[in-house]
Amino acid sequence: MKYVLLLMGNLSDDRCGETEDAPGVEEFIAFDAALEEAGVLRGGFALTDPEEGTSVTRASRDAEAVVTAGPYAESREFVGGTIVIEVDTLDAALGWAARCPGAIGGRVEVRPLLDI
């Protein structure tokens, strides 16, 4: 089964910034290499800072789209990247999530992908 690891950060949490505890690029490169070596990596992307995003919303099917610069979410949490893996069980996916550097000072959400 394929799972997406959503690498979540928190804008109000100093640990997700450039601090001593924050994982470095090297740690993510090593994690990706481990996923690839295990044969479970199916893809992934790092995302730019939330401030660089643009939001589109519509009040109803007939309403015009409203485009707003930046993310205007209710929470301070944001998706910093995604990793798609293919493993046999949820427990295996959770094991990889626990090894992910994004879990240090952030959160890794594990969700099954629907095959549509």
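The values are calculated or read from the model by the stated rules, or taken from the named source; none is laboratory data. Computed from a prediction, not measured in an experiment: that's the story for all the values here. Every residue, glycine as well, gets a Cβ built from its backbone with ideal geometry; the counts of neighbours run over all protein chains shown.
In table form, for the structure just shown:
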read-out	value
Test: residue in region 44-52 that is closer than 18 Å to residue 6 by Cβ and in contact with a helix residue (DSSP H, G or I) (Cβ under 7 Å, 6 or more places away or on another chain)	no
Segments classed as strands (runs of 3 or more DSSP E), wholly inside region 34-105, with at least 2 members that are free of Cβ contacts under 8 Å to residues at least 24 places away in the same chain and surrounded by fewer than 10 Cβ atoms within 10 Å (Cβ to Cβ)	54-57
For residue 58: the one exception among (1) of a type outside the set (Val, Ile, Thr); (2) farther than 16 Å from residue 9 by Cα; (3) within 14 Å of the chain's Cα centre (by Cα)	(3)
Qualifying positions in region 90-114 - within 14 Å of residue 6 (Cβ to Cβ) and among the acidic types (Asp, Glu)	109
Selection from region 1-33 of residues that are at pLDDT below 75 and in a helix (DSSP H, G or I)	14, 15, 16
